[in-house]
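Just so you know, all these numbers are worked out from the coordinates, no wet-lab data involved. Because the structure is predicted, anything quoted here is derived from the model rather than measured. Cβ: placed from backbone, ideal geometry, glycine included. Neighbour counts: every protein chain shown.
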Amino acid sequence: MSTIYPTLEIPETLAAGPGPGNTDPRVLERFYKTGVADHMQADVVRGMAEAKEMLRTAWGTKNIHTFGVGGTGFSGLDCAYSPILPGDKVVAFVNGTFSGIDGLAIRMKASSLEDLAADPLNPQPSNVTIVDVPHGQSVTGDIVDAALAKDKPMWACMAHWETGSGRINDLQGFNDACAKHGVMGIVDAVSSLGIAKFDIDDYPAVKIWASCPQKGVLALPLTYAPVSFTDDAIAVLAKRGCYTYVHNPILEARHWGVVDGKDGVAAGYHRTHSCYAVASFHEALRLLLTHGREQKAADYTFHEKILSEAVQGLGCEVTSNMTSLVVLNLPGKFAGREKELVGGCRAENFGIWPTLSEPTQIRIGILNQLTEAAITEIVSRFADAMIKMGAEVDKDGVLSKVKADFAA
Ligand SMILES: *Cc1c(COP(=O)(O)O)cnc(C)c1O
């Protein structure tokens, strides 16, 4: 028996989690108002070339191999990790959910056939060292330096901003340690690109970078995950190859008009890109660059501070330092009830999140919520959820302070 279900309706929610962000209507409009056109049509190919150039500005780089990988953040990361081959020595730093998954993806790539067969979904190759940093703490330059001095790996990998715990890791320290020990750095910048202002060319020991469509870049989910590879990384790949066609950075770049390390070349077919995805991604990049990377970073810092102080005013303890996300513990009396509170909010289309790995905390994000009205709404709804749980909070006092902070 087969069922034809009714049309799928999905409500508008207040997307106040780690991502996806609240998509700008202009980005959505470019998706649905774009005409159907194939992946080699002139305007589609031109749009990809323009997006590639805007992406270089967004990343702060002259890297020729800078483009978008169709899919989610982990699609971009899969492409970024593709130069890692079985047997390569790798050190990966883990301080939360996402860097934990990065560590798994890296262990899979660096595994021998025997390593994979021994534990197919969670291989433990001896050539990969996972350095665990406790949840709620940042990876520091000293931690990276000590691990690289000891292991002398070929590659080192770290998340720039670990969205699982809301912690900013030390990018400068990571770069400097990689430079000192002659290690090729790979950085997961999924949740920092488009939020923090940084130029990847200022970190020359980091050879490979990957981000996602739907967080700081605020493109539609599943369109393009931005990646960037230095010439050094591409040279290693050109010499050794890798075990993927789709996520081979040299082949992927061809459709973006990068052939034999040169730009501005006629694009070659690699796979069927979407005219809708290209047009909406292009618009998201236009919005980011029009806002200005520096201004946008300052706006996140300003709004996150107000939200963070407001939830502390409600009695919560904040343990994060990212500027797009607040990670908090409920007041002691309510410890252990985080999932219940989040579940209640989500049932009312207020999309906040718990942490996905231990310990359980609450995560409230402000992607594209950079207005007084949006922050006030988030604080107000969160206060209501705490009150519903039985907390005695000074909602009016906290909201007056939010108002005063915006007026200051
Ligand atoms: C969100 C996130 C990811 C995963 O991105 P997807 O788009 O869900 O695949 C990976 N790393 C970090 C640091 C993230 O914040």
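Just 392, 12, 252 to compare: in a GNM of the chain, with alpha carbon springs under 10 Å, which one fluctuates most?
Highest fluctuation among the options: 12.
Convert each backbone phi in region 232-244 into a coupling constant with the Karplus relation 6.51 cos²θ - 1.76 cosθ + 1.60 (shift: θ = phi - 60°), then list the ³J(HN,Hα) values in order as whole Hz, x for Gly and Pro.
Once rounded to whole Hz, the list reads 4, 5, 5, 5, 4, 5, 5, 7, 9, x, 7, 8, 8.
Each residue of region 307-312 in turn: what ³J(HN,Hα) in whole Hz from Karplus with 6.51, -1.76, 1.60 and θ = phi - 60°, glycine and Pro shown as x?
5, 4, 5, 5, 5, 5
Could you size up the charge dipole of region 219-346 around its Cα centre, putting +1 on the beta carbon of Lys and Arg and -1 on that of Asp and Glu, and report it in debye to the nearest 20?
It works out to roughly 320 debye.
Can you bin region 1-84 into rounded, prolate or oblate? Criterion: square roots of the alpha carbon gyration tensor eigenvalues sorted a ≥ b ≥ c, rounded for a/c under 1.5, prolate for a/b above b/c, oblate for the rest.
Prolate shape, in that a/c is at least 1.5 and a/b is the bigger ratio.
So what is the diffusion coefficient of the chain in µm² per second by Stokes-Einstein at 20 °C and 1.002 mPa s, using a Kirkwood Rh over Cα pairs?
Result for D is 96 µm²/s.
Might you report the magnitude of the Cβ-based charge dipole of the chain about its Cα centre, with Lys and Arg at +1 and Asp and Glu at -1, to the nearest 20 debye?
About 480 debye.
Just want the ordering: 256, 161, from fewest to most Cβ atoms lying within 10 Å of their own Cβ.
Least to most surrounded, the residues fall as 256, 161.
Based solely on its DSSP helices, what 222 nm [θ] is calculated for the chain when runs of n ≥ 4 H residues each add -39,500 (n - 2.57) and the sum is averaged over all residues, nearest 500 deg cm²/dmol?
Estimated from H runs of four or more residues: -13000 deg cm²/dmol.
List every residue whose amide H lies under 5 Å from the amide H of residue 69, counting only residues 5 or more places away in sequence or on a different chain, with H placed 1.01 Å from N in the peptide plane.
225, 227
I need the peptides 368-378, 49-59 ranked by packing, meaning the mean over residues of other C-beta atoms within 10 angstrom, with the highest value on top.
Answer by packing, highest mean first, reads 49-59, 368-378.
Quick check: pseudo-label points 7 Å beyond the Cα along Cα→Cβ at residue 337 and residue 358, how many nm apart are they?
If labels sit at residue 337 and residue 358, their model points lie 2.3 nm apart.
What order do you get for 360, 97 when you list them from fewest to most C-beta neighbours inside 10 Å?
Arranged by neighbour count, lowest to highest, 360, 97 become 360, 97.
Taking 30 Å as the cut-off for C-alpha to C-alpha distance, list the pairs among 197/262; 152/215; 207/339; 180/305; 262/296 that go past it.
152/215; 207/339; 180/305; 262/296, as the Cα separations exceed 30 Å there.
For region 18-35, take each phi angle, set θ = phi - 60°, evaluate the Karplus expression 6.51 cos²θ - 1.76 cosθ + 1.60, and give the result in whole Hz per residue in order, putting x for glycine and proline.
Calculated HN-Hα couplings, in order: x, x, x, x, 6, 5, 5, x, 5, 6, 5, 4, 5, 5, 8, 9, 7, x Hz.
Of all trypsin sites (Lys or Arg not before Pro) in region 227-300, which ones are in loop regions per DSSP and have a Cβ with at most 16 other Cβ atoms within 10 Å?
271
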